[in-house]
Each structure stands twice: as C-alpha cells, then as structure tokens.
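What follows draws every value from the coordinates through simple rules; no lab data is involved. This structure is a prediction, so every number in the text was calculated from the model and none was measured. Methodologically, a virtual Cβ is constructed for each residue, glycine included, from the backbone with ideal geometry; neighbour enumeration extends over all protein chains shown.
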Amino acid sequence: MRFAIAGGTGMTGTHVEAVARGRGHEVVLLSRGGGVDLVSGAGLDGRLDGVDTVIDVSNITTPKPEVSVSFFAGATTHLLAAERAAGVTHHLALTIVNADAAPDGYYAGKLAQERLIAAGDVPWTIQRTTQFHEYAAMMYHRTHAGAHVAPTGRVQPVSLHEVAALLVDLAEGEPVGRATDFGGPREESLADIVRRYARAIGHHGPLPAIDMPGTLGRAFRSGALLPGPDARLGTQTFAEWLAALPDA
C-alpha cells in the first residue's frame, strides 16, 4: 500500500515510517523539510497521487488554544481537500484519550481536528491514545521560572513504537471511525516519572512538585485523562522504556 504521513519527520512520524517501510509499504512524507506546509496547504498539490491512506501525526507544541486550533484546523482542512482531489480513501489521525475533559490550550486544537475529520467526506479513523513515555522527558525539559519541576497528575503512558504499529495496522484496514482508545499498561504518577527520568539522565537536584494550572492541570490530577475500562492496553511499562534509554 501507499501511505502519506503528515508530520512524517517528527518524533511520532519517524516511528510510523519505520513500521510502515518494515512491512513493505511505500511511504510519502509530508513535512516542511520536504516542501509541504500543512497549515497553508502549500506543496500538497500532487503529493497524494496514488495514496491509499493519509496518516496524520503532525503536531505543534503550544499551550495557547488559538495557536493549537489554527495549526490543527488548518492542517486538517488542507489535508482533507487534497485527499478528496487525489481520491484518497482513508484519513487516519492520532489524537488524545479524553481530550474532551480538558478542552482548552493544546487540547482545543485536537478537538477541532476531530470535529473537522468527522464532518468531512473522506472516510476516516480517529485513534486516541494516552501520553507517550516521552511525555516525562518533555515535562522535565519544560522549565518553570528557569527551574526544572515535576508536574502532578495521573497518567498511563504508552510506548510510542506500539502506537506506531497500531496506526499502521489501522492504515492497512478499512476506516472504522472512532477506534478503541489505546493506553499504556499501568497508571503512573506524573511527578514520579518526571523525577525518574531526571535521575536517569543524571539530574540530581531538587524537582519540586507543582500543580499545572487550568482545565488541563485539573484533568491530570483527577485522572480524567486516563483510559477507560474498555481501552486497549500496550505492554511496555515506563520502567522498561526508561531502562532502554541510551543515557540511562
């Protein structure tokens, strides 16, 4: 099959590309480095010719809802239009488990993305997952007033490689609409995994726990972003991921 991966050179996209190529699929990467601007649609003309499924794992890092909505709505609108023109029969997007529980900030963009996909006329699949194991690293490197901190919350982190394999599974099949949520094998304390990551890379200073503000912080602390009882669960634990880090 021929897949196009939106955000194909990013952290998630590189894993999806590796899995897809490993299974013998042809892959088209849609990224700025390859001359494609998803938000404006520049460079998309002709790039989806012969593509069976578009796998959208494009991303932006921002706490601002207007920036997130602008990015995800723009990218989704232009991808769907290009897919219709090229005759693509499956649009597959990666989003976040229970994003509705924190419909502000970054998550506002993911919800806008989902609404556009569901209202569009390209057959679609939306796969929601929990945060990746790498979320601990992202939280550690996001300093607060110049200092490293450990945000509080309840998380169930999942293997990025397992998510990539699941996305390729879905891309190989027919559109299913909302796919079953996918999460990690066990619940973890966000502050604890941030501290464990920090120690693994050699940080021995203090990491004070802080509560993230707003609806997102409340959702993390309440457990509202954890997968439900019907979710599919991966197998790699955070401890296993941490042990496999090159610097661990």
Residue count, region 12-46 (criterion: touching a helix residue (DSSP H, G or I) at 6+ places or on another chain (Cβ under 8 Å), without any contact (Cβ under 8 Å) to a residue 40 or more places away in the chain and farther than 17 Å from Ala81 by Cβ): 3
Between Ala119, Ala136, Ala150, Ala145, which is free of Cβ contacts under 8 Å to residues at least 40 places away in the same chain, closer than 17 Å to Gly217 by Cβ and among the hydrophobic types (A, V, I, L, M, F, W, C)? Ala145
Of the residues Val27, Val51, which is within 14 Å of Leu167 (Cβ to Cβ) and either under 22 Å from the mean Cα position of the chain (by Cα) or among the hydrophobic types (A, V, I, L, M, F, W, C) (or both)? Val27
Looking only at residues in region 1-18 that are touching a Phe, Trp or Tyr at 6+ places or on another chain (Cβ under 9 Å) and aliphatic (A, V, I, L, M), which one is nearest to Phe71 (Cα to Cα)? Met11
